[in-house]
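As structure tokens, the structure follows; a few thoughts come after it.
Read-outs throughout are calculated quantities, based only on the coordinates presented, and are distinct from any laboratory measurement. On a predicted model such as this, the values are computed, not experimentally measured, just so you know. Cβ sites come from the backbone with ideal geometry, for glycine too, and all protein chains shown count toward neighbours.
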Amino acid sequence: MAQQWEVGSTTGECSTSGKSLAEGEEFYAVLFDEGSTFRRVDYSVDAWPGPPEGAYCFFKTRVPVKEKKKRLLVDNEILVSFFLRLVDETELVRVQFRFVLALILMRKRLIKYDGTKTEGDVETWRMILVSDKSVHEIVNPQLTDDQIEGVSEQLTAILHGDMGEWVEQADDGDADSRADGQDDATD
């Protein structure tokens, strides 16, 4: 039969000196058996006296380093600018990108969904940009799982500052469409 004990987490300071333990800093943790629980006492490396009398066990460890959020390169204004620049795009990859970007803007409450219309096989969402009340028609490209993954990779690259890959992919797509005799909508 397994028993469970509660062990407290680090207080973040040395019990002897009162010194704060910094992220990544090594320290000693000592556990004292108190029946159904363990009492934990932490010591900085400099204040470590060796194992104290009555200690159940001790170990050397490090203060965990908090994961830092990746800072996005773009702010809301830039996202809206991308969205507006893609308004006349007809190339599939850019239509898909604009649709996913619209979903992000909707989540951030920068645009509002105002309805859907369907003509033939094409579903178009009517959205209103909150900042200037302008109305925008966004084609729902009915993305497959693979397409969602591709657009997500492009968005991640852009939002984290690696636009070169997206521009390269988009330019490759432009070259392919021109080879098929189609013009790029931005020319």
Selection count where residues are in a helix (DSSP H, G or I) and either surrounded by 15 or more Cβ atoms within 10 Å (Cβ to Cβ) or out of contact with any helix residue (DSSP H, G or I) (no Cβ under 9 Å at 6 or more places or on another chain) (or both), scope the range 86-102: 10
Only one of these is surrounded by fewer than 16 Cβ atoms within 10 Å (Cβ to Cβ), among the basic types (K, R) and more than 29 Å from the chain's Cα centre (by Cα): K117, K68, K108, K112. Name it. K117
Please go through the range 124-157 and pick out each residue that is surrounded by fewer than 11 Cβ atoms within 10 Å (Cβ to Cβ) and touching a Ser or Thr at 6+ places or on another chain (Cβ under 7 Å). E137
